[in-house]
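Here the structure is laid out as structure tokens; the discussion comes afterwards.
The values are calculated or read from the model by the stated rules, or taken from the named source; none is laboratory data. Computed from a predicted model, the values in this text were never measured in an experiment. We place every Cβ from the backbone using ideal geometry, glycine too, and count neighbours over all the protein chains shown. Ligands, DNA and RNA are excluded from the accessible area calculation, which covers all protein heavy atoms including side chains. Shrake-Rupley method; radii C 1.70, N 1.55, O 1.52, S 1.80 Å.
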Amino acid sequence: MPTILKKKYGQNFLIDNNITNKIANLIPSENLKTLEIGPGNGKLTDTIITKKPSSLTLVEIDKDLNECLLGKYLNVSNINIINADILKINLNEKYQLVISNLPYNISSQILVKLSTLNFRPDILILMFQKEFAKRLLDKNLNSINSLVRCFYDINLNFNVSKNCFRPIPKVESSVLTFKKLKKKLITKKELNEFILFKRKLFSHKRKSLKNILKKYDFNNNIDLNTRVENLNLEDLIKLFRATKSEIYQQN
Ligand code: SAH
């Protein structure tokens, strides 16, 4: 355990071996080029190593923890330890697997970053605050799941009691697995505009589509009397593409 806990970094360390083993057992095979975000004191890292990744990169923001990790894994050859903020570094290598007990305050930002990478990982195994996990899994669309589902299939693996951490957090947790879609639903060129579009739609999620998009004159077969949250992803994307072609026609 580190001597000084830094609350701003969302530090809640796993203490339960059963849980770290269960998480590592979700790793589908050996030999994966792996990235772990926020390894902390290396509790989960130790079990990841038993799954024999081809290489393991650790990105930890806390300088003191980084020092501990450098000492702990001094003699392990395929580990690469980086003291950095995951939100600020360039991830321009392709990782097959990303695994993390995420700092909950930046879960959403990390997930958006990973989902929209040029070299998107094949599999993400991530632990979230349970409420956030529920939003990702919700069958109704929302601002976050509508983006991530353009790139990944999301599955709940198991929930984790708050007693499995120290310090004990206020909330329960869930472990989710994300499998890369064979074909992503949004192109790289569309991405930024799609993000703006869905943001606009979900900031008025109780309004009908007709109301939010009244300046457009669509001639497609989506029922504009539905609420945004009741759309399915396919229709959301269709609508996005239709608004774009409207804009082009106006110009
Ligand atoms: N994986 C460990 C620790 C989880 S707590 C375990 O399961 O026990 C979250 C970890 O993420 C902490 O070590 C914290 O310092 C680190 N962290 C927080 N923000 C980060 C960021 N922006 N980039 C990288 N690591 C971060």
*L14: free of Cβ contacts under 8 Å to residues at least 12 places away in the same chain, over 18 Å from F178 (Cα atoms) and not β-branched (V, I, T), yes or no?*
no
*What number of residues in region 201-237 are modelled with pLDDT under 90, open to solvent by 80 Å² or more (accessible area, probe 1.4 Å) and outside any loop (DSSP other than H, G, I, E, B)?*
3
*Within region 62-82, count every residue that is touching a residue at least 24 places away in the same chain (Cβ under 8 Å), open to solvent by 50 Å² or more (accessible area, probe 1.4 Å) and within 11 Å of the ligand (Cβ to nearest atom).*
3
*State whether the residues of region 112-121 include one that is farther than 23 Å from K182 by Cα, in a helix (DSSP H, G or I) and not acidic (D, E).*
no
*Of all residues in region 45-61 being within 20 Å of K22 (Cβ to Cβ) and open to solvent by less than 10 Å² (accessible area, probe 1.4 Å), which is nearest to the ligand (Cβ to nearest atom)?*
T45
_So N92 passes all but one of these: (1) touching a residue at least 40 places away in the same chain (Cβ under 8 Å); (2) more than 9 Å from the ligand (Cβ to nearest atom); (3) open to solvent by 60 Å² or more (accessible area, probe 1.4 Å); (4) not hydrophobic (A, V, I, L, M, F, W, C). Which condition number does it fail?_
(1)
*Mind checking whether some residue in region 67-80 is under 25 Å from F132 (Cα atoms) and among the aliphatic types (A, V, I, L, M)?*
no
*May I ask you to list the residues in region 95-110 that are away from the ligand (no atom under 13 Å from the Cβ) and open to solvent by less than 10 Å² (accessible area, probe 1.4 Å)?*
L97
*Mind telling me which of the residues T20, T34 ends up being within 15 Å of the ligand (Cβ to nearest atom), closer than 27 Å to K7 by Cβ, hydroxyl-bearing (S, T, Y) and modelled with pLDDT of 95 or more?*
T20
*How many residues are within 18 Å of P53 (Cβ to Cβ) and aromatic (F, W, Y) when one looks only at region 80-137?*
2
*Kindly list the number of the only condition in (1) open to solvent by 40 Å² or more (accessible area, probe 1.4 Å); (2) outside any helix (DSSP H, G or I) that fails for R135.*
(2)
